[in-house]
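The values are calculated or read from the model by the stated rules, or taken from the named source; none is laboratory data. Just so we're clear, the structure is a prediction, and the values are computed from it rather than from any experiment. Cβ sites come from the backbone with ideal geometry, for glycine too, and all protein chains shown count toward neighbours. To get the accessible areas, we keep the full protein, side chains included, count just its heavy atoms, and leave off ligands, DNA and RNA. Shrake-Rupley method; radii C 1.70, N 1.55, O 1.52, S 1.80 Å.
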Amino acid sequence: MARIYGIDMGTSSLRIYQKGDGLIYNQKNAIAIFDKKKVIAIGDDAWKMEGKTPANIEVTYPFRSGVPADIKNMVTMLNLIFENLESEHGKMTGQDFMIAVPTNITEVERRAYVDLISETIAKPKRIRVVDKPIADALGCGVDIKEVTGTMIVDMGADTIEISVISYGGIVTGKTLDFGGKRMDDSITAAVRKYYNFMIGPKTAEQVKIMLGTAVKPEEEEIETKQVMGRNVVWGLPGRIALDSMFVYLSLKDIFELIVDAVRNILEHIPPEISVDIMTYGVHLTGGLSGIKKINRLIADSTGLPVYVKSNGNESAAVGLGKIMDDKELDILAERYTDNEIID
Ligand SMILES: Nc1ncnc2c1ncn2[C@@H]1O[C@H](COP(=O)(O)OP(=O)(O)OP(=O)(O)O)[C@@H](O)[C@H]1O
Ligand SMILES: [Mg+2]
């Protein structure tokens, strides 16, 4: 029997699920290249180097805005990942692959996902694609066969994909072209403007994770953290204290855009499905759904029950695993017939 692998490739992270073994890989989707040629690190190791490398080492992200942008480096990275995984998880060549793909992409981009995997050393026997919101829903524990109206909001690094699902299919949806990274940038800009202080992108991300909140904090809830960076006036390294009210205010506009998009979709779906969403609610997933009180914000602004998946960044890959394990769900994985490799 062929092994089955499921892949969710995001702008920030890459996840691989293996039937039977579960989630076998979850690392940053980053690659470090020396002298524009030699790959010296991948995944979390490459990410750790970012912002600290000399001029001849470049850390790049092969995915941008949720789609493959640098195919050559992505194939190189996948080959290294597959090689590393083989010793523990068995031979990866000639097996079955399922790829979670965003829904708002062009046919050419969809094709690029398939080509990417077929060009690796895995040389899959069969490649199938699954709409990411469907994989997300399964990963969130939604009983896709029964549910007649639920909303899935996958909040990633560069995209926020909002989808309404009924009877295992996508009724409607919208993808916002921003996510957690836009929030990091917004924090960086606010710190620079109000404190004349420069922080790096990783510090900004940490600030978002530690102090970010989707609902205005009460006086007694305000938390403070020291962060390191560089004073723009003196040009010297230093530290300042940031608090959760400051971070909330720097993110507020972005939260408003998310709420507006969610409400806009709810306003345009057929009434029968709206009624069912009252029952089945909204599922928040993706890494950014870990931000504090995002469930409160969406619940208060829609009046719907809201659920948040812990380890949200794993949900699409875990959902692919559910399809592998349940024959009745097999129909959700679509063969990419255009691909000659398929048997
Ligand atoms: N606890 C947390 N609080 C707030 N943000 C978080 C938390 N954990 C992760 N994030 C953010 O989630 C984002 C990454 O999410 P995820 O791994 O789902 O993205 P991705 O799938 O790689 O990207 P995309 O789907 O946009 O291509 C990053 O912006 C990260 O900072
Ligand atoms: Mg994602």
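Please find, in a Gaussian network model of the chain (springs between Cα atoms separated by less than 10 Å), the residue of 56, 196, 295 whose mean-square fluctuation is greatest.
Top of the fluctuation ranking is 56.
Tell me the relative contact order for the chain as a rounded percent, counting alpha carbon contacts under 8 Å between residues six or more apart.
Across the chain, relative contact order equals 19 percent.
Pick out, in residue order, every one of the GluC sites (Glu not before Pro) in the stretch 112-206 that is DSSP loop and has at most 12 other C-beta atoms within 10 Å; say none if there are none.
146
Which one of 315, 250, 87 has the biggest mean-square fluctuation once the chain is modelled by GNM with Cα springs under 10 Å?
Its mean-square fluctuation being the largest, the pick is 87.
Quick check on the chain: helices-only [θ] at 222 nm, where DSSP H runs of length 4 and up contribute -39,500 (n - 2.57) each and the sum goes over total residues. Nearest 500, please.
-11500 deg cm²/dmol
Keeping every protein chain in place, order 174, 72, 252, 327 by accessible area at 1.4 Å, biggest value first, i.e. largest first.
327, 72, 174, 252
What does the extension gain come out to for residue 185 and residue 209, with contour length at 0.36 nm per residue minus their alpha carbon separation?
Taking residue 185 through residue 209 to full extension adds about 7.3 nm, to one decimal.
What value in Å³ per residue do you get for the convex hull of the alpha-carbon atoms in the stretch 181-250?
Each residue corresponds to 74 Å³ of Cα convex hull volume.
For the stretch 104-153, which semi-axes, largest first and in whole Å, follow from the square roots of 5 times the eigenvalues of its Cα gyration tensor?
For the stretch 104-153, the semi-axes come out at 28, 14, 8 Å.
May I ask for the net charge around residue 266, where only other residues with Cβ less than 15 Å from the Cβ of residue 266 are counted and Lys, Arg are +1 while Asp, Glu are -1?
-3
Given points 7 Å out from each Cα along the Cα-Cβ axis, report the residue 330 to residue 91 separation in nanometres with one decimal.
2.4 nm
Within a Cβ distance under 10 Å of residue 58, other residues only, what is the Lys/Arg minus Asp/Glu net charge?
For residues surrounding residue 58, the net value is -1.
Output the pairs from 38/202; 52/208; 293/327; 38/292 with a Cα-Cα distance over 32 Å in this structure; if there are none, say none.
Exceeds cut-off: 293/327; 38/292.
Just to confirm a number: summing +1 for Lys and Arg and -1 for Asp and Glu over residues other than residue 34 whose beta-carbon lies under 15 angstrom from that of residue 34, what do you get?
Overall, the nearby charge balance is 0.
To the nearest 10 Å², what's residue 336's accessible area with a 1.4 Å probe?
Its accessible surface works out to 10 Å², give or take rounding.
Taking N as the number of residues in the stretch 28-186, what is its alpha-carbon radius of gyration divided by 2.2 N^0.38 Å?
1.16
On alpha carbon coordinates alone, what is the Rg over Rh value for the chain, Rh being the Kirkwood radius?
Dividing the radius of gyration by the Kirkwood radius yields 0.99.
Mind checking which of 71, 331, 33 has the largest fluctuation in a GNM of the chain, springs on alpha carbons under 10 Å?
331
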